[in-house]
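Working notes for the structure below.
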Amino acid sequence: MYAGMAIPPSSAALCAPLQRVEAMARVALIGGPTPIEELVQFSAAIGGPRILVKRDDAIPFAFGGNKTRKMEFVAADALAAGADTLVTVGGVQSNHARATMATAAKLGLKGVLIANGEKPVRPTANALLDELLGADIEYIATRAERAQTMVDVIARLQAEGRTPYAVPLGASTPLGSLGYVRAVGEMLAQMDAPDVIVHATSSAGTHAGIVAGCALHGVPTRVIGVSADDPSRDIEERARDIVRGIAMLLDCDDEVLRSAPVSVDEGFIGDGYGIPSAASHEAQRLAAQIEALFVDHTYTAKALAALIAYVRAGRFAPTDTVLFWHTGGQVGLFA
Ligand SMILES: Cc1ncc(COP(=O)(O)O)c(C=O)c1O
């Protein structure tokens with residue numbers, strides 16, 4: 001069994017809810033703050049203000065990405081519940097699934113994945129990693145079958161005498177989202193609060209965590225989530241629900257969190273989830289060719305495409321500092 005329980009840092013300077021976050025059980029997966037780098041050439045190429053990138057794609061654990069931060073809290077909860085198996089759902093190329101199966105492997109737990117999509121003849125990218133991680137993979141045809149299959153698989157595992165723990169899609173629960181509440185503190189230890197944060201969003205846990213983190217730290221940063229799939233209204237509603245859940249979890253159901261602005265842009269989905277667009281192609285090539293930074297068409301290239309479009313539309317002041325929060329997904333480039 002992996003013994004990497006995180007040691008809470010000194011939290012004397014934090015407000016009470018943030019102290020509660022630091023006091024909560026967490027499994028150490030991140031391995032320290034991710035770098036923040038200035039994208040000087042990228043900014044010059046698009047005529048932008050100061051643009052920085054927070055490199056959550058560079059989290060060392062299992063190819064990193066945003067799910068690793070969420071899994072720190074979720075996995076600790078699973079261990080506290082006495083789980084011996086982590087079960088989750090996702091597409092065949094899901095980053096979340098890979099992060100969950102990697103966490104199971106690291107903690108000495110069994111990993112069971114319900115993957116919607118066709119079983120690949122020769123697994124690539126995340127599907128290959130899931131297999132290498134020793135996950136038990138059950139393929140289902142459609143997303144619609146996910147919920148019932150999860151119920152069935154949990155019942156089967158229990159009948160076999162196991163103690164399964166269901167990790168919900170994207171680990172976007174209030175508990176998982178605390179990973180991004182913490183991440184805001186990590187960012188603020190590295191730089192002054194940016195004027196704007198742009199990032200990719202879908203199940204909304206990352207967005208909710210960043211929004212709640214900014215509110216609890218009292219910084220006025222505008223947070224823009226760029227949808228990978230669903231309409232703005234749906235993701236915003238999801239994010240608000242999670243922020244409300246965070247408030248309850250931290251026992252701080254006050255105005256600071258209730259009034260935290262949630263803003264999602266649905267304008268860069270293009271033809272749909274995972275389908276490259278002309279704008280995501282441009283963002284992907286530009287970032288690679290002048291910064292050696294890799295973004296994927298499902299999530300991060302679309303968010304970066306939005307950032308480029310905002311610059312071109314004059315939505316930022318020349319004095320603004322814009323942070324692109326890179327949420328990972330680079331494994332998808334090899335699918
Ligand atoms: C690379 C990447 N970026 C962003 C997201 C969206 O994060 P969230 O599900 O927390 O909204 C995901 C979700 O799978 C992801 O894999």
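The values are calculated or read from the model by the stated rules, or taken from the named source; none is laboratory data. What you see is a predicted model, and the numbers here were worked out from it, not measured in a lab. No Cβ is skipped: glycine too gets one built from the backbone with ideal geometry, and neighbour counts run over all protein chains shown.
For region 141-172, give me each residue that is part of a helix (DSSP H, G or I), of a type outside the set (Lys, Arg) and more than 18 Å from residue 104 (Cα to Cα). Working first, answer last.
In the first step, residues of region 141-172 are kept if they are part of a helix (DSSP H, G or I); the result is 143-159, 169-171.
Next cut, of a type outside the set (Lys, Arg) only: 144-145, 147-155, 157-159, 169-171.
Passing the criteria: 144, 145, 147, 148, 149, 151, 152, 155, 159.
Output the residues belonging to region 88-108 that are more than 16 Å from the ligand (Cβ to nearest atom) and crowded, with 24+ Cβ neighbours inside 10 Å.
Of the residues in region 88-108, the ones more than 16 Å from the ligand (Cβ to nearest atom) are 104-108.
Answer for region 88-108, where residues must be more than 16 Å from the ligand (Cβ to nearest atom) and crowded, with 24+ Cβ neighbours inside 10 Å: just 104.
Specify the residue that is surrounded by the fewest Cβ atoms within 10 Å (Cβ to Cβ); the eligible residues are those in region 321-335 that are more than 27 Å from residue 50 (Cα to Cα) and either more than 9 Å from the ligand (Cβ to nearest atom) or of a type in the set (Val, Ile, Thr) (or both).
Selected residue: 334.
What are the residues in region 109-133 that are of a type in the set (S, T, N, Q) and surrounded by 21 or more Cβ atoms within 10 Å (Cβ to Cβ), if any? Full working, then the answer.
Initial filter on region 109-133 (of a type in the set (S, T, N, Q)): 116, 124, 126.
Answer for region 109-133, where residues must be of a type in the set (S, T, N, Q) and surrounded by 21 or more Cβ atoms within 10 Å (Cβ to Cβ): just 126.
Based on what the data block shows, is residue 314 of a type in the set (Gly, Ala, Ser), crowded, with 23+ Cβ neighbours inside 10 Å and not in a helix (DSSP H, G or I)?
Working: of a type in the set (Gly, Ala, Ser): yes; crowded, with 23+ Cβ neighbours inside 10 Å: no; not in a helix (DSSP H, G or I): yes.
Against the criterion (of a type in the set (Gly, Ala, Ser), crowded, with 23+ Cβ neighbours inside 10 Å and not in a helix (DSSP H, G or I)), residue 314 does not qualify.
Out of region 191-228, which residues are more than 9 Å from the ligand (Cβ to nearest atom), part of a loop (DSSP other than H, G, I, E, B) and closer than 26 Å to residue 280 by Cβ?
Passing the criteria: 194, 195, 221.
Could you please find all residues in region 114-136 being touching an Asp or Glu at 6+ places or on another chain (Cβ under 6 Å) and either among the aliphatic types (A, V, I, L, M) or under 18 Å from residue 27 (Cβ atoms) (or both)?
Within region 114-136, the first condition is being touching an Asp or Glu at 6+ places or on another chain (Cβ under 6 Å), and the residues that meet it are 114, 123.
Selection gives 114 alone.
Checking the structure you have, find out if any residue of region 43-51 is modelled with pLDDT of 95 or more, buried (at least 16 other Cβ atoms within 10 Å of the Cβ), closer than 29 Å to residue 249 by Cβ and β-branched (Val, Ile, Thr).
The answer is no, given that none of the residues of region 43-51 is modelled with pLDDT of 95 or more, buried (at least 16 other Cβ atoms within 10 Å of the Cβ), closer than 29 Å to residue 249 by Cβ and β-branched (Val, Ile, Thr).
Have a look at 138, 186 and point out the one that is free of Cβ contacts under 8 Å to residues at least 60 places away in the same chain, more than 16 Å from the ligand (Cβ to nearest atom), out of contact with any Lys or Arg (no Cβ under 6 Å at 6 or more places or on another chain) and charged (D, E, K, R).
Working: 186 fails: free of Cβ contacts under 8 Å to residues at least 60 places away in the same chain.
Checking each option against the conditions leaves just 138.
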